[in-house]
Amino acid sequence: MPPLASLQLRRLLLRSLRSRSLSFISSSSIRPPSILPQQPSSNLSSHFKSPSIFTPPSLFTIRHFSSETQTIPEDPDPIARSISSELLKDPDSDPLSVSQRLQLSFSHITPTPNLVLQTLNLSSEAGRTVLGFHQWLASNPKFAHTDDTLSYFVDYFGRRKDFKAINDVLAGGGAGPKTLESAINRLVRAGRPSQAVQFFSRMERDYGLKRDRGSLNVVVENLCEKGFASYAEKMVKDLARVLFPDEATCDLLIRGWCIDGKIDEARRLAGEMYRGGFELGVGAYNAMLDCVCKLCREKDPFRLHSEAEKMLVEMDYHGVPRNVETFNVLITNLCKIRKTEDALSLFHRMGEWGCYPNETTFVVLIKSLYQAARLEEGDEMIDRMKSAGYGGALDKKAYYQFINILCGIERIDHALSLFAKMKADGCEPGIQTYDLLMGKLGAHNRVDKANALFNEARSRGLPVIPKEYAVDPRYLKKKVKVVKGKKKRETLPEKMARKRTRLKQIRLSFVKKPKRMMRRAF
């Protein structure tokens, strides 16, 4: 086969496999995901003992929802498909030649940002030839690069970790805040915090990006979210003479240390901030409260109440009011250690501090109630959530999580009723929900109901495929083995009952019968 045809065949196979992986759940059996314990930290207290966490094996596996997937429209622009096929012809070709080919073939086209995004999404295997596409757009008099279009190219090359190509894209100018955030995010996600700091130090000189407090907070936030709080703090202190940090920057630094699980460093930084005249916000205290609760969950859950109470007292001492996120942190951590009753009592007391639950509060409590097999209370909480005005948060993903929990605790009938309620609320179930229920019904040996769900999914236009589900041995019909020619040994109660019956017969045989009955008999 010629090399070009084999390359095209390989791309078609890869594209079909990718589309299948995005649309279907794996054909393996389904089980609830196991929760892996985080690495214990020694910063909370030296006399904590790490509990042993054991997750029992199960017959089923589950695929999680992913927010990182690049979605492609069902009907992409045919011009985008044509440009993409031109880019995919020869991934090793020179960008200049690619730009010349595009100029010859598509000189009559007026590019738009949407066309650029669709072309990049369709050309995931094009590699460096996308630079030719960028050069063609830059030289096109009908098109001018914007901050959005440059961020598309930065994200594309960032996914490939081709930072030299990112440098070539940014060298042309026109970058803005969105491009800066994309570049910093890709560097940090690739595990290159020092390069992200260097990028910020030279971006004004090399790329024309303005260095101010807002751009500083963008870099600090990305570093802290990915566990590089030490790099962020050092950068802020080095730039303090040029860009003096504000309270938002300090809150981000404290949140970064808490994400790392280093509560001692967060408290040390909070003390420095108070001595420097800064005031901590409620976001920083919520982060420290969450960090303390996580450390207690990992090492000694019995200390969670006392440690959380200390943090709340510290908030009151510094005059920081509690908000709904404070209660969400406490309720979430209580539910994770199966303290559902304590979480409910805290939920009912939120109004004492002028706080009211939001959609996160309701969803966490509903999941915890279902996990505790308190099904009626969970249904009541769903109704309460709707009456509070948060019914819009009950989307396909939320219902899937509820049904997944009910299937995990073997409440398949209640899961089916919740599934019916989901459809009655106008929320269209996806293929994951159908596949989960069909797998659980198959494990329960309820094949008729599983087939009905399969036909329903097909009628709704979902691309479900028939699968074989392993039946749980507990739900198999056991066959009674009859052994012929072998006398069954009597148990003691059976033997005594047989003797009592025989003795009764013997006693009745000696009873003298009445004469009338005897005459009638003869």
Determine the share of region 64-214's accessible area contributed by carbon and sulfur atoms, expressed in whole percent, with a 1.4 angstrom probe.
48
Average accessible area per residue (Å²) across region 391-505 - probe 1.4 Å, nucleic acids and ligands excluded
66
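Under a Cβ-only charge scheme (Lys and Arg +1, Asp and Glu -1), can you give me the dipole magnitude of region 234-374 about the Cα centre, in debye to the nearest 20?
Numbers: 20 positive and 21 negative charges, 91 e Å.
Roughly 440 debye for region 234-374.
Any chance you could list the semi-axes, whole Å, largest first, of the equivalent ellipsoid that the Cα gyration tensor gives for region 76-128, using √(5λ)? If you can, show how the numbers build up before the last one.
Details: eigenvalues 55, 39, 14 Å².
Semi-axis lengths for region 76-128 are 17, 14, 8 Å.
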Grab every C-alpha pair in region 333-438, bin the distances at 10 angstrom width from 0 up to the longest one, and report whole percents.
14, 49, 30, 7, 0
Protein accessible area in region 390-474, 1.4 Å probe - carbon and sulfur %
50
Among Lys310/Lys397; Lys294/Lys421; Lys397/Lys440; Lys336/Lys396; Lys226/Lys310; Lys161/Lys336, which pairs are too far apart, with a Cα-Cα distance over 25 Å?
Lys310/Lys397; Lys294/Lys421; Lys226/Lys310; Lys161/Lys336
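Per residue, how much accessible surface does region 290-373 expose to a 1.4 Å probe? Answer in Å², no decimals. Let's see the in-between values first.
Values: 3840 Å² over 84 residues.
Averaged over the residues of region 290-373, the accessible area is 46 Å².
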Expected unfolding gain across Arg268-Asn323 under the 0.36 nm per residue rule, minus the alpha-carbon gap, is 17.4 nm
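Give me the percent of the accessible area of region 217-350 that comes from carbon and sulfur atoms, probe 1.4 Å, all protein chains in place. Provide the component values of the computation, followed by the final result.
Numbers: 3170 of 6020 Å².
Heavy-atom surface of region 217-350 belonging to carbon and sulfur, 1.4 Å probe: 53 percent.
Rounded to the nearest whole Å², what accessible area per residue is found for region 178-232 with the 1.4 Å probe? All intermediate terms of the calculation are to be shown ahead of the outcome.
Details: 2460 Å² over 55 residues.
Ligands and nucleic acids excluded, the figure is 45 Å² per residue.
The values are calculated or read from the model by the stated rules, or taken from the named source; none is laboratory data. Here the structure is a predicted model, which means the values were calculated and not measured. So basically every Cβ, Gly included, is an ideal-geometry build from the backbone, and we count neighbours across all protein chains shown. For accessibility, only protein heavy atoms count, side chains too; no ligands or nucleic acids. Shrake-Rupley method; radii C 1.70, N 1.55, O 1.52, S 1.80 Å.
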